[in-house]
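Notes for the one structure printed next.
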Amino acid sequence: MSHRTSLIERFNRRDAHVAVVGLGYVGLPLAVAFAEAGYRVTGIDVDARKVEAILRGESYVEDVPSALLATFVAETSDAKAPSVQAAAQGDAIGAASALQPQETVVAPTPPRRGSLAATTDFSVLITCDAVSICVPTPLNKTGDPDVSYIASAGEQIARYLHPGMLIVLESTTYPGTTRELLLTQLEANANGWRVGEEFFLAFSPERVDPGRKDWTTRNTPKVIGGITPSCLEVATACYGAAIETLVPVSSPEAAEMTKLFENTFRSVNIGLANELLLMCDKLGLDAWEILNAAATKPFGFMKFTPGPGLGGHCIPIDPLYLSWKMRTLAYTARFIELASEINTEMPRYWVQKVQDALNDAGKPVKGSRILVLGVAYKKNVSDLRESPALDIIHLLEEKGAKVDYHDPHVPSFQYDGMEMVRIEDLETALASADCVVIATDHDAYDWPMVKARAQLVIDTRHVLAEKA
Ligand code: SAJ
């Protein structure tokens, strides 16, 4: 029986052992989805605190309730020497003997009960039929892609590669990463095993929107592209047990590009909405009036709104992975670069609005008390990553303003060299501020109260016009 066939049968019978590397807002929900599908799952993370929390049945990811996690958590027994395990795990350990002589492979026993275990020990991969990689893909200090987390995971997976193993990369990255980086790492340790024959490799982009209840890991359609047709077939069998709708594409590059295009689409359209604001400013028009009127078009239009800038862990970053790749091919992705330029400029635009409004009230920015409402990167989340509200605070402080903030989801923060604690008496702070800047339009706010108490408001989200 070929490895392809035996793997597909194991997935179909749900008696596969699946690993997930990277237990963050993507990996933990995926691990639980695989456990819900009936697989034995082992989550792997370099952060022992995450592993310990999972083993206690405590979730640290908003989309995974602890009660649900606890129903799947298994005790993992102590690791046992390979010889004890070999009989129990068939050729997987036997294949491990193909590892370099200096390797001392300790094969931990897979979970004795339950369907979800967690460990920091990658050697569990020896007994795994599949492994999904859900590690961060940030930008480095020079603004270029940082695929070091993928490389580290790939290095560990290559070390424990064995026949009958599926590897799926989920982290958002530039087209070519799966083939050029990951496959190269695996083939360097493949002992003659071939992709598509003994092991299988695919890319399937994550589409997790933290906090979303309507679209979940299970019901959000999932794109998958395999290095070979048999890779796609094996990956589809694995994921098909946990994900309702799979969208096969012709290659990992097609899947990588699909994900980047999805988020570039948002960045460019948000940039266009922000440029609409800049143009309406020059024309003396209300951008939101124009947008709301345009949105009455029942076809051929999709509403995006201006704001304080572009925050989050996806939209500001993913398009830059694509523009970086295109530069290596001597092509300038002009829409991406222009959108990034306009979106990045928005905090300065709004700080200038604060300065003009205070000036009209005869007050310099310097020494003025300014209250920023909302520091999270978008409403109803507590995530601060790339939040433009923090840029606005920084720019105002640079001009000598005394800035406080309030955010119902962020009691305090230390981020990017900034450390602040929110004010607690919101009504008093609103009344005493020389200017209030609405940066994040959380639903938790009593917007009529904000409008009644604040003496001067710069509303980057146009929320008062619509909710007060
Ligand atoms: N923003 C605007 N105007 C808009 C929309 C967003 O200024 O019209 C701002 C937001 O305030 C935020 C940033 O852009 O600062 C990004 O907002 P987002 O709505 O795109 O939210 P994200 O970053 O959480 O994007 C995620 C993405 N999900 C994945 O990558 C799997 C994105 O693809 C989703 O479309 C998006 O969630 C969503 O729809 O909620």
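The values are calculated or read from the model by the stated rules, or taken from the named source; none is laboratory data. Predicted, not measured: the structure shown is a model, and the values here were computed from it. Ideal geometry is used to build each Cβ from the backbone, glycine not excepted, and the neighbour counts take in all protein chains shown. With ligands, DNA and RNA removed, areas are computed over all heavy atoms of the protein, side chains included. Shrake-Rupley method; radii C 1.70, N 1.55, O 1.52, S 1.80 Å.
In terms of its C-alpha gyration tensor, segment 199-329 has a prolate overall shape, because the principal axis ratio a/c (a ≥ b ≥ c, square roots of the eigenvalues) is not below 1.5 and a/b outweighs b/c. Loop-located GluC sites (Glu not before Pro) in segment 381-459 (DSSP state other than H, G, I, E, B) with a sparse environment of at most 15 neighbouring Cβ atoms within 10 Å: GLU424. On the basis of the beta-carbon distance and an R0 of 56 Å, ILE290 and ARG56 show a calculated FRET efficiency of 0.60.
The lysines whose alpha-carbon is closer than 26 Å to the alpha-carbon of LYS366, local same-chain residues fewer than 8 away aside, are LYS353, LYS399, LYS402, LYS451.
Could you give the size of the charge dipole of segment 310-468 about its Cα centre, using +1 on the Cβ of each K and R and -1 on the Cβ of each D and E, expressed in debye and rounded to the nearest 20? All intermediate terms of the calculation are to be shown ahead of the outcome.
Numbers: 18 positive and 24 negative charges, 67 e Å.
So the dipole magnitude of segment 310-468 works out to roughly 320 debye.
For segment 310-411, what D do you get in µm² per second when you plug the Kirkwood radius from alpha-carbon pairs into Stokes-Einstein at 20 °C and 1.002 mPa s? The Stokes-Einstein estimate is 140 µm²/s.
Just the number: Rg to Rh for the chain, Cα atoms, Kirkwood Rh, two decimals. Walk me through the intermediate numbers first.
Values: Rg = 25.2 Å, Rh = 24.3 Å.
Result: Rg/Rh = 1.04.
Distance between the pseudo-spin-label points of LYS402 and ASN269 (7 Å out from Cα toward the beta carbon): 4.4 nm. Over the chain, DSSP H runs of length four or greater, each weighted -39,500 (n - 2.57), average out per residue to a 222 nm ellipticity of -12000 deg cm²/dmol.
How high is the relative contact order of segment 240-306, given as a whole-number percent (alpha carbon pairs under 8 Å, six or more residues apart)?
On the way: 28 pairs, mean separation 19.9, N = 67.
Relative contact order for segment 240-306 comes out at 30 percent.
Among LYS282, LYS379, LYS325, the sequence by solvent-accessible area, most first, with a 1.4 Å probe is LYS282, LYS379, LYS325.
Computed from point charges on the beta carbon alone (+1 for Lys and Arg, -1 for Asp and Glu), the dipole magnitude for the chain about its Cα centre is near 460 Debye. Here the convex hull built on the C-alpha positions of segment 190-268 has a volume of 106 cubic angstrom per residue. For VAL247, the residues whose modelled amide H falls within less than 5 Å of its own, excluding neighbours fewer than 5 places apart on the same chain, are LYS222, VAL223, ILE224. Applying both filters, DSSP loop and at most 14 other Cβ atoms within 10 Å, to the GluC sites (Glu not before Pro) of segment 1-70 gives GLU58, GLU62. Per-residue SASA remark: THR245, around 60 Å² accessible (1.4 Å probe; ligands, DNA and RNA not included). Here the relative contact order of segment 356-468, from alpha carbon pairs under 8 Å that lie six or more residues apart, stands at 29 percent. The share of C-alpha pairs in segment 274-467 whose separation exceeds 20 Å stands at 59 percent. Scanning residues 5 or more positions from VAL21 or on other chains, those with amide H under 5 Å from its amide H are ILE44, SER132, ILE133, CYS134, with H placed 1.01 Å from N in the peptide plane.
Normalising by residue count, segment 21-61 has a Cα convex hull of 62 Å³ per residue.
Think of a 1.4 Å ball rolled over the protein heavy atoms: segment 330-468 then has 49 Å² of accessible area per residue. Surface composition of the chain: carbon and sulfur atoms hold 53% of the protein heavy-atom accessible area at a 1.4 Å probe.
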